[in-house]
Every structure is written in C-alpha cells, then in structure tokens.
1. State whether one or more residues within the stretch 183-191 are under 23 Å from ILE89 (Cβ atoms), in a loop (DSSP other than H, G, I, E, B), open to solvent by 50 Å² or more (accessible area, probe 1.4 Å) and among the acidic types (Asp, Glu).
2. Need at least 2 residues that are over 16 Å from PRO281 (Cβ atoms) per element, so show me which helices (runs of 4 or more DSSP H) inside the stretch 304-414 make the cut, counting only ones lying wholly within it.
3. For the list (1) at pLDDT 95 or above; (2) open to solvent by less than 20 Å² (accessible area, probe 1.4 Å); (3) under 29 Å from TYR332 (Cβ atoms), I need the number of the one condition that PRO268 fails.
4. Tell me the residue from MET205, MET262 that is in contact (Cβ under 8 Å) with a residue 24 or more places away in the chain, out of contact with any His (no Cβ under 6 Å at 6 or more places or on another chain) and not in a strand (DSSP E or B), please.
5. For the stretch 120-172, give me the residue count where each residue is in a loop (DSSP other than H, G, I, E, B) and closer than 22 Å to ASP266 by Cα.
6. Just give me the residues in the stretch 242-259 being surrounded by 14 or more Cβ atoms within 10 Å (Cβ to Cβ) and in a loop (DSSP other than H, G, I, E, B), in sequence order.
7. Only one of these conditions is not met by TRP109: (1) in a strand (DSSP E or B); (2) over 26 Å from ALA136 (Cα atoms); (3) of a type outside the set (Gly, Ala, Ser); (4) more than 21 Å from the chain's Cα centre (by Cα). Which number is it?
8. Could you grab the pairs with beta carbons closer than 9 Å, sequence gap of 6+ or different chains, first residue in the stretch 43-58 and of a type in the set (D, E, K, R), second one in a loop (DSSP other than H, G, I, E, B) and open to solvent by 70 Å² or more (accessible area, probe 1.4 Å)?
Amino acid sequence: MEHRDVADAVVIGAGPAGLSMAAELGSRGLRVIGLTMAEPTAAWPNTYGIWCDELESLLLADMLGHRWHDCVVYTGSKVTALNRDYGLIDKTKLQTYFLDRCDRHAVTWHQGTAAQIDHKSEVSCITTQDGTQLTARIVVDASGHRPALVQRPPLANVAYQAAYGIVGRFSKPPIRPQQFVLMDYRADHLTAAERAQPPTFLYAMDLGDGVYFVEETSLAHSPAIAFEELERRLHQRLAHYGVAVTEVHHTERCLFPMNLPMPFLDQPVVGFGGAASMVHPASGYMVGSLLRRGPIVAEAIAQALNGASSPQQTARAAWQALWSPERLRKYYLYRFGLSNLLAFDEPQLNDFFHAFFQLSKPQWSGFLADTLTMPELMLAMVTLFGKTTNDVRQELLKASWSDRKLLWRSLLAQ
C-alpha cells in the first residue's frame, strides 16, 4: 500500500467545482492534492452559459467565448426582450485558467477513485480503489451530483433537468442571426395530445459563421424526460419552421438533478458544487455561484486550519460559510418554487414565465443568480404573484398548502 505525506486538503473532482476550489485553497498557501478519475486536463463535456454581468463583477469577462446582446424569451405568442447580455463560457479557457492557478500554487494530482475514508482526531485518510492512501487535514468532495464521499438523506421523486442539443449548420437560420433565445416555449408545432405532455422549450444561440446551437430542454421533471423524446421534439420543432439540419458538429446530452436534498451539514467532509446541492433548484444555474462562493468557502477552510482544528471542526466552518442560515432559507424557498413549476401545465408555464420576466431586471436577474437577500427574494415572489394570471395564482395558493413543509423550512432553517 502506497502512503503519501499529510496534505492540508484533498479535493476530489476536476470539473469546474473541483478545479476552482483547488485553485482557491492553493492560493491561500495550503498544500493541496487533487484526486480525480480522469486527468485534470480532460475536456469538460458540457456547455456553460452565464449572464455576462456575473463574470464582469468577478473580473472574469475575458472567459467568455461568445456574447449576445439580442436576448429574448418566447412565452406562447408573446416575446420578451431581456435587455441583458448573455454569454457562453469558453470552457477550455476557464479550465486552463484554473489549472494554471493550481500549477502556480503547487497543487498535485492523483488519478484514482475514493473507495473509503477514515476520520481521525487531526486528519482524514482516503483509500483509493488501487490502495493508495491520501491523508489530509480536510477533504473537499467536488465530484458532482453523485458524490464520492458526501452523505445526504434520500429523496424520492428527484426532478431532473434534461436537454438534447445540436451544434451545427442548418438549411436556414433556426433563430434570428446574432440572437440568443433563453426560452422558447411556443408549442404550435405540437398536437393537442402532445401539448398535454410535460412541456419543453428551445434554448438556442447563434455561434457565428453560420453555426448554431439548438437544444430542446426540460426545465425539470420527475422522472427525467428521455433524451430520445427531447431529440424527437427538437426535430419536430425545427421542421415546423421549415428548418433542416445539414451538418452536425456536436451533440450534447445534459442531465442533472434540480432538487437534491441538502447534505448533512455536520459531516466531517466538505461538499462543493453538485456534491453540496449548489445547483439552483429553480433555474439549474451553478457556475456563477461556484465562482462567487468558492473564495468564501476556501477562506473559511484556511482560517479553520490556521487554528489547528480537527476535520470535523474545519468542515463545520466550511459548511457554515457555504450554507449560512439565510442561504438555507433561500434554498428551501427555491425548492418551493421548483415544486410550483413541476405542477404547471404548458399554458400556466407560459403565463408564469411571461410574468416572471416582467419583474424588474434586478429582481429576475437576482432570482436566477441567487444574489437576492431573503427579503428581496420574498418581495420578488410577491410581486410575481401580483403580475401573473388568476389561473397561476390559484396553483400557487394550492402549492402553498401542499408544499407547506418547504415554506416552513424557508422560514425556520438554521
């Protein structure tokens, strides 16, 4: 059995969550080991979109690969101009940025899979499947929605966001040139029977030089809508507008849970990213949150380690920094919002999102990014209730009773 000296931290995972956390911890002078199944340089498979002002506020706007000014939402027969720039992250550039920071701060990498962990008074010891032991004063699990070590309570009826997309060329532009479509819920290409099925929307962007990305997306459903159904709906939508696919450069299949339970916040392993249930329960966004909250969590870990605390104490400080009482309350309020979305039929969903994007830009943008305070979030939801239709209001009132446990937790979370 191979044995390694004690590190300050082991970070599991090399996706956006793992690399960003390893870089943040290393930049604070900690000795960091990364544990990942593949090489940390392996390409990230998914596409990451973000509102440009989120990256600008972090001085990372140069990480954008594309930027759109013409951003719209279609809700039924209505079209709403969002008047906010949206961007596509250059994932290779962002990955290289974090890898360079890791190299600069001497983060080392071990390829393997965590098989078990033993916690002692001063350190935690991971044993990998090949028998290697990695010992550190704290372990951060950033291995995704099916975490290697983080524990959480079970949840029935997990809601998944699912999407099937194509990057390629088309017989004619599938959307307006130089446009970005956040949501197109128009359903005039569907039969009456199909419209009674769970609704999906088009997410699309012009990538330039005649290349477009079009993706049929299920915002959230339990069980997940099958990729084959999303592919069928995408081609049906395109055909309705007289658009044919002429070249396929890349296909994307995206699936992730939206409403995973909160991990146990008293465990001696720290979670980050999907492992810590950081996906926005009502929108699916996470990258902006990783970039904003990573430095806060890393600083809490560094301060705790400076005090020579145990893994349990360090993890407690990190969990508190990540999930403060206010953030927990907002999390359960977002979970309540997701429950509402799951209950809406296609006309109600169109009415809901039409009203949502009639909120002030600070309100709807802060809701999507999870940057509103709890009072601001509640005000936005009350304002939305006043702007939407009576049919949607009735469903929201029903949900306030059927999902009252989530509402109570949003008020009482500690």
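The values are calculated or read from the model by the stated rules, or taken from the named source; none is laboratory data. These numbers come from a predicted model, not from an experiment. As a convention, Cβ positions derive from the backbone with ideal geometry for all residues, glycine included, and neighbour counts pool all protein chains shown. Note: areas computed on protein heavy atoms with side chains; ligands, DNA, RNA excluded. Shrake-Rupley method; radii C 1.70, N 1.55, O 1.52, S 1.80 Å.
1. Checking the stretch 183-191: not a single residue is under 23 Å from ILE89 (Cβ atoms), in a loop (DSSP other than H, G, I, E, B), open to solvent by 50 Å² or more (accessible area, probe 1.4 Å) and among the acidic types (Asp, Glu).
2. Those helices (runs of 4 or more DSSP H) span 311-322, 346-356, 361-369, 374-387, 390-402, 404-412.
3. Of (1) at pLDDT 95 or above; (2) open to solvent by less than 20 Å² (accessible area, probe 1.4 Å); (3) under 29 Å from TYR332 (Cβ atoms), only one is false for PRO268: (2).
4. Sole residue among the options that is in contact (Cβ under 8 Å) with a residue 24 or more places away in the chain, out of contact with any His (no Cβ under 6 Å at 6 or more places or on another chain) and not in a strand (DSSP E or B): MET262.
5. 18
6. VAL243, MET258, ASN259
7. It fails just one condition, (2).
8. Taking only residues 6 or more apart or on different chains, the pairs are GLU54/THR371.
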